[in-house]
Every structure is written in structure tokens, then in C-alpha cells.
Amino acid sequence: MDVQWEEAGWERLTRRAGRRRLPVWDCTAGLVVGDDSVLLVDPGSCLREGAELRAQAERLTGRRVTHIAFTHGHFDHVLGAAAFAGAEVYGAVGLDALLGSAGGREELRSDAVRHGLPAQDAAESADLLVPPRHLVSGEWTLDLGGVQVLLANVGPGHTRHDLALFVPGGEGEVVFCGDLVEESGEPSAGPDAIPSRWPDALDRLLSLGGEDALYVPGHGAVVSAAFVRAQRATLAARFRVSP
């Protein structure tokens with residue numbers, strides 16, 4: 001029931017999909033519920049937050065989370081992964097090397113601490129981080145039973161490893177955008193961003209969802225295709241990218 005989702009702090013988007021805006025960094029966690037399997041999109045910023053998401057997902061669905069997808073490799077989107085023992089983890093090709101390296105883990109740890117995560121939480125979560133085993137270079141259809149989720153490597157843009165997820169449904173379609181789209185603030189372009197390619201990545205997002213889908217940003221409220229197009233224009237102007 002939607003009331004159960006709301007009481008747990010989740011927003012029910014369609015019969016199959018929902019999302020939660022996590023505290024502190026307003027990061028999105030997504031949930032897609034199939035007849036056979038359950039997919040979590042971005043498992044939170046640390047083990048503690050990941051464990052909370054796991055417990056909530058199990059209460060809401062009555063089953064364990066079987067699949068995890070990383071929309072990209074920033075700490076607030078990946079460091080909760082180790083809380084989901086046995087889950088199959090998906091990410092854009094190349095993200096495995098980044099998250100599996102000592103240097104990549106140290107950068108995640110230091111970035112998390114720099115943004116305010118307690119040092120002990122950051123260290124433990126980075127040490128136990130589970131890199132993606134299933135790597136998406138183009139598109140990958142994940143059959144959860146009753147719903148087939150399309151994982152699409154739409155980057156680079158916000159990072160070199162941006163993954164979007166398209167969830168079809170008769171009552172509405174949903175696109176999980178990661179930080180390619182942000183609603184609660186200006187899109188963040190850090191040192192790993194590829195600004196010249198970001199508008200093209202948003203074009204690919206729009207081609208996935210079309211005009212009527214719900215677009216779920218990495219931070220902030222659910223938006224429309226019109227919002228994504230407007231943010232594309234803003235980014236193109238900001239980074240002086242030709243239309």
C-alpha cells in the first residue's frame with residue numbers, strides 16, 4: 001500500500017517503482033519491485049544507511065534485495081553497497097576498476113569525510129565496498145519478473161561512468177537519472193565530470209523516457225522531460241557546448 005511506503009519515507013511512483021530522498025545530501029535511492037526479484041538503485045552513503053535501506057526494502061516488498069545498480073561512483077551513491085550481502089551489482093563499464101582500486105577507495109573515503117561523513121563510517125564503508133560485477137557498455141535488460149528494467153550507459157557527463165535506468169509500466173514510465181539531473185540545486189561538475197559530453201547524455205536520457213516519463217534526479221524532487229530539457233540548455237550554456 002502507498003500509505004506503508006509513505007510512512008517509511010518512500011515515494012511510490014508506479015506500481016513497480018518508488019524512491020526515497022535520503023537525509024543530509026538529499027540523495028535518491030530507488031526501488032523496483034518485480035514478481036521474482038527486487039532492484040535497489042544507489043544503496044546510500046555508508047554501511048549504516050545501506051542497512052537501513054535494506055531493512056525498509058525488505059519490509060515494503062517482503063523479500064530481500066537481489067540486485068543493485070550504481071548510477072555512478074560517488075560516495076553518497078555507492079558506499080552502502082556492502083549492506084546487501086549476495087546482491088548482484090551493476091554499473092557502467094569501467095566503474096569496477098575505479099571502485100575496486102586502492103586509490104579509488106581512498107578517494108571515496110576522503111571525499112565522504114570532506115562532505116561530513118564520520119571518518120570511521122567512511123573508512124569501514126570504503127574498505128567493504130562491493131564493486132559492480134555486471135558491467136554495462138551499451139544497454140542491458142534486467143528481467144525482474146513482470147517488469148524488464150533497461151540499464152543504459154548514457155555517459156559520460158556528470159562522471160565517466162553514468163548509468164540510467166528505464167522502468168516501463170502501463171500506468172507510467174520512470175527514468176532513474178543519477179546526478180546527470182539534479183533538482184535541489186545546480187548540477188555538480190566535479191573534477192571527474194566531462195562537461196562537453198553532458199548535454200549529449202541528457203539527450204540520451206530523454207530518448208529513453210520520452211515526453212511523459214517521470215524523471216528521478218540524483219538529488220531533489222521528481223521532474224518532467226521539460227525540466228530535463230531546460231537543464232540541458234543551462235548546462236550547454238554554462239559549459240559553452242554547441243546545441
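The values are calculated or read from the model by the stated rules, or taken from the named source; none is laboratory data. As the structure is a prediction and not an experimental result, all values here were calculated from the model. Cβ placement follows ideal geometry from the backbone for every residue including glycine, while neighbour counts extend to all protein chains displayed. These accessible areas exclude ligands, DNA and RNA; they are computed on the full protein's heavy atoms, side chains included. Shrake-Rupley method; radii C 1.70, N 1.55, O 1.52, S 1.80 Å.
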Could you give me the residue pairs with C-beta distances under 9 Å whose first residue belongs to region 41-53 and is on the phi < 0 side of the Ramachandran plot and touching a residue at least 24 places away in the same chain (Cβ under 8 Å), whose second residue is among the basic types (Lys, Arg) and open to solvent by less than 10 Å² (accessible area, probe 1.4 Å) wherever it lies, and which are 6+ apart or on separate chains? VAL41/ARG19
Let me spell it out: the conditions are (1) open to solvent by less than 20 Å² (accessible area, probe 1.4 Å); (2) touching a Phe, Trp or Tyr at 6+ places or on another chain (Cβ under 7 Å); (3) part of a strand (DSSP E or B), and LEU235 meets all of them except one. Which number is the exception? (3)
Residue count for region 175-187, restricted to those that are at pLDDT below 95 and open to solvent by 10 Å² or more (accessible area, probe 1.4 Å): 3
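Check GLY172, GLY220 and return the single one that is at positive phi, open to solvent by less than 30 Å² (accessible area, probe 1.4 Å) and in contact with an Asp or Glu (Cβ under 6 Å, 6 or more places away or on another chain). Full working, then the answer.
Details: GLY172 fails: in contact with an Asp or Glu (Cβ under 6 Å, 6 or more places away or on another chain).
GLY220 is the lone residue from the list that is at positive phi, open to solvent by less than 30 Å² (accessible area, probe 1.4 Å) and in contact with an Asp or Glu (Cβ under 6 Å, 6 or more places away or on another chain).
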Is one or more of the residues making up region 157-166 open to solvent by 10 Å² or more (accessible area, probe 1.4 Å) and closer than 17 Å to PHE75 by Cβ? yes
Go through region 6-48 residue by residue and tally those that are within 21 Å of GLY172 (Cβ to Cβ), in contact with a His (Cβ under 8 Å, 6 or more places away or on another chain), outside any strand (DSSP E or B) and of a type in the set (S, T, N, Q). 1
Go through (1) without any contact (Cβ under 8 Å) to a residue 12 or more places away in the chain; (2) under 17 Å from ASP42 (Cβ atoms) one by one and return the number of the condition ARG240 breaks. (2)
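Within region 172-208, how many residues turn out to be part of a helix (DSSP H, G or I) and either touching a Phe, Trp or Tyr at 6+ places or on another chain (Cβ under 6 Å) or closer than 16 Å to ALA237 by Cα (or both)?
First, the residues of region 172-208 that are part of a helix (DSSP H, G or I): 195-208.
Within this subset, residues satisfying the condition of being either touching a Phe, Trp or Tyr at 6+ places or on another chain (Cβ under 6 Å) or closer than 16 Å to ALA237 by Cα (or both) are 195-203, 208.
So the answer is 10.
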Give the residues of region 51-92 that are open to solvent by less than 10 Å² (accessible area, probe 1.4 Å), aromatic (Phe, Trp, Tyr) and under 18 Å from VAL174 (Cβ atoms), sorted by residue number. PHE70
Output for region 193-213, where each listed residue is open to solvent by 10 Å² or more (accessible area, probe 1.4 Å) and over 17 Å from the mean Cα position of the chain (by Cα): ILE194, PRO195, SER196, ARG197, ASP200, ASP203, SER207, GLY210, GLU211, ASP212
Only one of VAL149, VAL130 is in contact with a Phe, Trp or Tyr (Cβ under 9 Å, 6 or more places away or on another chain) and under 21 Å from VAL181 (Cα atoms); which? VAL149
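Residue-by-condition table, conditions (1) hydroxyl-bearing (Ser, Thr, Tyr); (2) open to solvent by less than 10 Å² (accessible area, probe 1.4 Å):
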| residue | (1), (2) |
| --- | --- |
| GLU7 | no, no |
| ARG15 | no, no |
| GLY18 | no, yes |
| ASP26 | no, no |
| LEU31 | no, yes |
| ASP36 | no, no |
| ASP42 | no, yes |
| SER45 | yes, yes |
| GLU49 | no, no |
